[in-house]
Amino acid sequence: MRIILLRLPIAYNQSSASRITSPGGYLGAHLYCEWFVRYPPLGLLYQASLFKKQGHDILLLDGELAGLTVEKILKLCKKFQPDILFSTINIFNPQNEFKSLKILKDNLNCKLIARGHFPRLYPEQTILNKHIDYALTGKGFTASTELIDKIARNQATNNIKGIIYRTSDGKTVKTEDENQFDFNLLPMPARELIDNNIYNSALTLHDKFTTMTASIGCPYSCTYCIDKTIKYQSSSNEKIVLEMEECQNKYKIKEIAFLDSTFTIDRKKTIDLCNLIIKKRLKVKWVIRTRVDLVDEEIIDKLVEAGCISIHYGIESGNQTILNNLNRKITLEQIRTAVTLTEKKGLLTLGFFMIGNKGETSKTIEDTINFAKEIPLHFAQFNVVLALPETYMAENIKLNTGRDLWLESYLGKDIPAHMWKPQETDLSYEELTSWSKKTMHAFYLRPAYILKMLKSKFTYSIIIQQFRIIFLLLKIYIRKLLK
Ligand code: SF4
């Protein structure tokens with residue numbers, strides 16, 4: 001069968017939820033995604049590999065970052081003539097995505113399968129859209145491959161776990177949830193299907209860039225996070241190194257950002273992985289995210305030896321009570337030690353902070369600013385907290401207001417921005433956004449920081465990188481205008 005995998009142009013700016021996520025409130029969420037996290041659609045790339053293994057012809061369209069309009073996507077679809085259109089539907093702006101998919105479906109003769117955050121959380125609402133033939137309701141990959149197989153053979157789909165669909169007489173059928181899938185069994189993402197030159201990140205030090213996932217899920221239980229809803233699983237070190245080798249040798253990738261939430265969670269496995277990378281003499285550089293309590297001198301030394309150039313830490317607050325409220329299970333001292341050690345070992349450090357958590361006051365935000373300035377971070381990102389679905393915070397909003405804001409937003413209700421903030425701080429939404437700007441100013445606009453960055457070995461590469469992204473965005477924009 002001929003299958004198109006699609007990431008739609010999202011138009012984040014139109015969603016009130018996404019408006020509050022931009023760091024410091026400076027960049028619109030859309031520009032933030034274009035600039036800071038120009039990441040390839042990894043989920044679709046895994047999916048594409050699985051479909052290819054089944055023998056299908058695949059076209060992958062990245063509407064979001066390749067600058068494809070819906071009209072252009074339709075043109076490409078008509079040329080390819082898919083039997084199946086397989087599209088992600090995001091939680092931030094599902095209404096627009098459903099509308100775009102309707103245009104595509106009405107003009108093509110194919111089945112439409114929806115996957116992603118929205119169909120998983122709101123399967124019944126998804127299938128109410130008559131142009132959606134099937135939606136995937138689980139997090140795995142088994143349902144999609146089984147579904148494609150059954151459609152290809154024209155067989156019944158009612159025994160596939162993790163899907164929702166309408167029968168020919170209009171009845172909705174939702175099958176049992178999909179079982180946990182084995183992350184290690186996934187093939188390598190089909191990077192040959194995308195233009196790897198268009199992916200990037202504002203903090204990338206070596207062009208060309210891609211992302212990888214060595215593990216999924218997290219065993220911790222921070223209140224604001226959805227990664228804990230996925231059971232922790234990791235790939236074997238051999239498989240990780242094989243993929244790194246492929247990125248380096250086949251795609252000429254120079255830098256890989258690992259998207260794992262807690263890369264160093266298994267100490268021994270991390271050290272073994274580094275040893276394997278060193279043994280294979282891989283030249284590709286890489287970046288990880290992890291917790292401050294999951295690093296020490298020995299592990300950082302190994303990471304550096306194996307080519308890791310940067311560690312991004314979820315710090316969140318400079319006030320211990322707020323950290324405790326978030327169930328972070330880390331101390332300010334652990335943060336200070338980890339960041340200091342990381343910087344001392346020559347790695348670039350980035351800290352993520354959140355403003356507006358449970359118990360947040362002007363005083364605790366000042367603590368956060370002071371702490372961020374005190375520890376040797378190269379970069380810091382301050383965001384107003386957004387209560388993502390499935391988190392304790394979102395449940396708390398539901399409990400206090402009796403409203404499911406994500407669903408209401410999808411149903412077209414205009415949700416005032418202040419509604420999205422967690423309910424457990426007395427600070428207003430306006431105060432929080434103003435504080436998020438102040439935190440950015442306080443961190444970046446100080447002589448000591450400017451001096452430190454002027455002397456830093458990273459500065460030159462970071463400046464070049466911003467020009468690369470400007471050039472890339474211009475190229476995509478001009479291409480969009482011309483076609
Ligand atoms: S914030 Fe990090 S450590 Fe906490 S649950 Fe999420 S991924 Fe795990």
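The values are calculated or read from the model by the stated rules, or taken from the named source; none is laboratory data. Model, not experiment: these values are computed from the prediction. In this analysis, Cβ positions are derived from the backbone assuming ideal geometry, glycine residues included, and neighbour counts consider all displayed protein chains. For accessibility, only protein heavy atoms count, side chains too; no ligands or nucleic acids. Shrake-Rupley method; radii C 1.70, N 1.55, O 1.52, S 1.80 Å.
Given 242, 185, which one is free of Cβ contacts under 8 Å to residues at least 40 places away in the same chain and away from the ligand (no atom under 16 Å from the Cβ)?
Selected residue: 185, the only one of 242, 185 that is free of Cβ contacts under 8 Å to residues at least 40 places away in the same chain and away from the ligand (no atom under 16 Å from the Cβ).
Please work out which one of (1) in contact with an Asp or Glu (Cβ under 8 Å, 6 or more places away or on another chain); (2) open to solvent by 20 Å² or more (accessible area, probe 1.4 Å); (3) away from the ligand (no atom under 16 Å from the Cβ) is the condition residue 162 fails and give its number.
All conditions pass for residue 162, except number (2).
Only one of (1) away from the ligand (no atom under 13 Å from the Cβ); (2) in contact (Cβ under 8 Å) with a residue 40 or more places away in the chain is not met by residue 291, so which one is it?
Condition (1) is where residue 291 drops out.
For segment 314-327, how many residues are within 16 Å of the ligand (Cβ to nearest atom) and open to solvent by less than 30 Å² (accessible area, probe 1.4 Å)? Reasoning before the result, please.
Step one: of segment 314-327, the residues within 16 Å of the ligand (Cβ to nearest atom) are 314-317, 322-327.
Still in the running and open to solvent by less than 30 Å² (accessible area, probe 1.4 Å): 314-317, 322-323, 326.
Adding up the residues that qualify gives 7.
Given the conditions (1) over 30 Å from residue 329 (Cα atoms); (2) touching a residue at least 60 places away in the same chain (Cβ under 8 Å), and given that residue 213 satisfies all but one, which numbered condition is not satisfied?
For residue 213, the exception is condition (1).
Given the residues 253, 311, 330, 265, which is the only one that is aliphatic (A, V, I, L, M), within 16 Å of the ligand (Cβ to nearest atom), open to solvent by less than 20 Å² (accessible area, probe 1.4 Å) and assigned to a loop (DSSP other than H, G, I, E, B)? Walk me through it before giving the result.
Details: 253 fails: within 16 Å of the ligand (Cβ to nearest atom); 311 fails: assigned to a loop (DSSP other than H, G, I, E, B); 265 fails: open to solvent by less than 20 Å² (accessible area, probe 1.4 Å).
Exactly one residue qualifies, and that residue is 330.
Please go through segment 110-161 and pick out each residue that is at positive phi and of a type in the set (S, T, N, Q). Break it down into steps so the answer makes sense when it comes.
From segment 110-161, those at positive phi are 116, 154; that's our starting set.
Selection gives 154 alone.
Do we find that residue 171 is open to solvent by 40 Å² or more (accessible area, probe 1.4 Å), of a type outside the set (A, V, I, L, M, F, W, C) and in contact with a strand residue (DSSP E or B) (Cβ under 6 Å, 6 or more places away or on another chain) in this structure? If you could, list the steps in order and put the result at the bottom.
Working: open to solvent by 40 Å² or more (accessible area, probe 1.4 Å): yes; of a type outside the set (A, V, I, L, M, F, W, C): yes; in contact with a strand residue (DSSP E or B) (Cβ under 6 Å, 6 or more places away or on another chain): no.
So residue 171 fails the test.
What pairs come out if I take residues in segment 369-385 that are under 16 Å from residue 344 (Cα atoms) and part of a strand (DSSP E or B) and pair them with residues that are open to solvent by 30 Å² or more (accessible area, probe 1.4 Å) and not β-branched (Val, Ile, Thr) whose C-beta lies under 7 Å away, six or more apart or interchain?
Taking only residues 6 or more apart or on different chains, the pairs are 379/203.
Just to be sure before I move on: is residue 228 surrounded by 19 or more Cβ atoms within 10 Å (Cβ to Cβ) and basic (Lys, Arg) in the structure I sent?
Working: surrounded by 19 or more Cβ atoms within 10 Å (Cβ to Cβ): yes; basic (Lys, Arg): yes.
The answer is yes for residue 228.
I'd like the residue in segment 341-357 that is open to solvent by 30 Å² or more (accessible area, probe 1.4 Å) and touching a strand residue (DSSP E or B) at 6+ places or on another chain (Cβ under 9 Å) and, out of all such residues, is nearest to residue 321 (Cα to Cα).
Among those residues, the one meeting the criterion is 352.
For segment 457-465, check the following and say yes or no: at least one residue is in the same structural domain as residue 225 (by TED's automatic domain parsing), on the phi < 0 side of the Ramachandran plot and touching a His at 6+ places or on another chain (Cβ under 9 Å).
Of the residues in segment 457-465, the ones in the same structural domain as residue 225 (by TED's automatic domain parsing) are none.
No, there is no match, as no residue in segment 457-465 is in the same structural domain as residue 225 (by TED's automatic domain parsing), on the phi < 0 side of the Ramachandran plot and touching a His at 6+ places or on another chain (Cβ under 9 Å).
Looking at (1) modelled with pLDDT under 95; (2) acidic (Asp, Glu); (3) outside the structural domain of residue 324 (by TED's automatic domain parsing), can you tell me which one residue 192 breaks?
It fails just one condition, (1).
Go through segment 201-234 residue by residue and tally those that are more than 16 Å from the ligand (Cβ to nearest atom), in a loop (DSSP other than H, G, I, E, B) and among the aliphatic types (A, V, I, L, M).
Selection size over segment 201-234: 3.
Can you tell me which residue among 433, 425 is in the same structural domain as residue 343 (by TED's automatic domain parsing), modelled with pLDDT under 90, open to solvent by less than 70 Å² (accessible area, probe 1.4 Å) and in a loop (DSSP other than H, G, I, E, B)?
425
For the list (1) out of contact with any Lys or Arg (no Cβ under 8 Å at 6 or more places or on another chain); (2) among the β-branched types (Val, Ile, Thr); (3) farther than 30 Å from residue 354 by Cα, I need the number of the one condition that residue 241 fails.
Failed condition: (1).
Only residues that are assigned to a loop (DSSP other than H, G, I, E, B) and among the polar types (S, T, N, Q): list them for segment 314-327, please.
Matches in segment 314-327: 317, 319, 327.
Confirm whether residue 113 is open to solvent by less than 20 Å² (accessible area, probe 1.4 Å) and under 24 Å from residue 477 (Cβ atoms).
no
So is residue 290 among the β-branched types (Val, Ile, Thr), at pLDDT 95 or above and over 27 Å from residue 453 (Cα atoms) or not?
No: the conditions fail for residue 290.
Identify, please: which residue in segment 358-405 is of a type in the set (Phe, Trp, Tyr) and out of contact with any helix residue (DSSP H, G or I) (no Cβ under 7 Å at 6 or more places or on another chain) and is, among those, most open to solvent (accessible area, probe 1.4 Å)?
Only one residue fits best here, namely 392.
Within segment 270-288, take every residue that is open to solvent by 50 Å² or more (accessible area, probe 1.4 Å) and assigned to a helix (DSSP H, G or I) and give me the one that is farthest from the ligand (Cβ to nearest atom). Lay out the reasoning, then the answer.
Here is the first cut: in segment 270-288, the ones open to solvent by 50 Å² or more (accessible area, probe 1.4 Å) are 272, 275, 278-281, 283, 285.
Okay, now just the ones that are also assigned to a helix (DSSP H, G or I), so 272, 275, 278-279.
Numbers: 272: 22, 275: 25, 278: 27, 279: 29 Å.
That would be 279.
Being open to solvent by less than 20 Å² (accessible area, probe 1.4 Å) and of a type in the set (D, E, K, R) is the filter here, so list the residues in segment 189-223 that pass it.
191, the sole residue that qualifies.
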